[in-house]
Each structure stands twice: as structure tokens, then as C-alpha cells.
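Shown next, in C-alpha cells, is the structure this report addresses.
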Amino acid sequence: MNNSTSRGAILILSGPSGAGKSSIISAASERIGDYYFSISATSRAPRCGEVHGREYYFLSKEEFEKGIESGEFLEYAKVHGNYYGTPLTPVKEALLDGKLVIFDIDVQGFYLAKEQFGDIITSAFILPPSLADLETRLYARCTDAPDIIEGRVANARSEILEIASYDFVIINDDISVAVEEFVHIANSARSKMPKEEIDSFISEWIDS
């Protein structure tokens, strides 16, 4: 039976923009072993300071649509005229290398990932203590127009209805506590045994 340290695993994080997902991952990065953070692809143009392969994989509209036709994306969506999606190839390569693959995707993407990867997925929903707190954080960032913020708040109100589908919920009130919870979840994800491996183990155990 394969050792859990060499088994690739997937950890999906969902939650509203402003919940602190990136900050939590960054603070925990040295304590969760070898991992790959899944980078999305987009057909929009890079913004000032953005680098291909760091913030996004920047593709032309034609390249993106070709990738859709050939099944190269785990999930994708068209937002305000631009495509956004999760490329499958680097994810599969990271899994073969035994890495923990971390996704930051919305609820819709989470359900699609479960269809694709099934029982190697561990999931966590990260959110602030309240909707009012989320709104305060979003305005404090001074990065989005008021209509965008209100859209994010409305989306959060809708997505929180799906948290029962997730394995864990992290309330990011105290960042240090949230980081400790995340480290525990991330390290536990590596030990999650796929069903086919469980079946093999049972057969070997009974026959031994």
C-alpha cells in the first residue's frame, strides 16, 4: 500500500473575497509540506504588475476556447466578457509528484472538482465572523468600486448556503487561530485514503 506522504491530495478552499484565504495560505506555507497552488487561466489582459504564470495564465480568447474544446479545464466561466478557468494539466502533474494541490475556487467550481476528483478532495469554507464584517473588510481594502463590493456581498450571502457540503469551516476572526486550523486541515488532507486504496487495503488485510 502506498505511503500517505507520497500520495497526491487536493484541498479546496472556498469563501468570499475578503475572507483572508491568501493570507492564511501564505502564513501556513512552511508548515504544510510540498504543495502546489492551482493558478487559474484567464482571457483578460494582464493588469499592471501581473505576471503570466504567477497571478494567472494569460491566454487569448482563441487559446482559451480551444482549451475548452479539448477538455483542458477542470471548470471555467465567462465573467464580464472574459473567460476564467482552472487548467487540468499542472494539477495532474502535481498530484503525480505527490503534492498537496490547493484550489481557491467558488462553490460551483467545488462541485465540478468533486465530480472530477472525488474522494481525494478535502474541502474547507473560509469566511469572516459575519456578513457585516465582510462588507467592512471589502470597503477597507479600497480596491473595488462600491457596486463590485455589493456584488461580492450578495454572492457571499448566496454561497454560504452551501457550506454544509464542505468538510470544514474556518471562521477567520483571529488570523493566528485560522492559520492553526488550516495547517491541521491541510496536513490531514494528505492522509485521506482514496476509496480504491481502501478497498485494496481491506482485501490485503483480510488475506494476510
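A single entry from 42, 89 fulfils the requirement of being among the polar types (S, T, N, Q) and touching a strand residue (DSSP E or B) at 6+ places or on another chain (Cβ under 8 Å): 42. Restricting attention to segment 80-96 and to residues that are touching a residue at least 40 places away in the same chain (Cβ under 8 Å) and farther than 15 Å from residue 37 by Cβ, the residue that is surrounded by the fewest Cβ atoms within 10 Å (Cβ to Cβ) turns out to be 96. From the set of residues in segment 97-111 that are over 12 Å from the mean Cα position of the chain (by Cα) and surrounded by 13 or more Cβ atoms within 10 Å (Cβ to Cβ), which is nearest to residue 31 (Cα to Cα)? By that ranking, first place goes to 99. Checked against the criterion of being at pLDDT 85 or above and assigned by TED's automatic domain parsing to the domain that holds residue 74, the candidates 92, 114 yield just one match: 92.
Can you pull out every residue in segment 134-183 that is of a type in the set (S, T, N, Q), surrounded by fewer than 17 Cβ atoms within 10 Å (Cβ to Cβ) and either under 16 Å from residue 104 (Cβ atoms) or modelled with pLDDT under 85 (or both)? Residues satisfying the conditions are 143, 155. Of the residues in segment 14-36, not one is in a loop (DSSP other than H, G, I, E, B) and over 20 Å from the mean Cα position of the chain (by Cα).
What pairs can you find where one residue is in segment 13-41 and assigned by TED's automatic domain parsing to the domain that holds residue 153 and under 20 Å from residue 191 (Cβ atoms), the other is buried (at least 20 other Cβ atoms within 10 Å of the Cβ) and among the hydroxyl-bearing types (Ser, Thr, Tyr), and their Cβ atoms are less than 8 Å apart, with a gap of 6+ or different chains? Close Cβ pairs satisfying both conditions: 13/123. Out of all the residues in segment 115-140, which are over 25 Å from residue 153 (Cβ atoms), over 12 Å from the mean Cα position of the chain (by Cα) and not small (Gly, Ala, Ser)? If the condition is that a residue be over 25 Å from residue 153 (Cβ atoms), over 12 Å from the mean Cα position of the chain (by Cα) and not small (Gly, Ala, Ser), then 115, 116, 117, 119, 120 are the ones that fit.
The values are calculated or read from the model by the stated rules, or taken from the named source; none is laboratory data. Remember, predicted model here, so these are calculated numbers, not experimental data. Please note: Cβ atoms are built from the backbone with ideal geometry, for glycine as well, and neighbour counts cover all protein chains shown.
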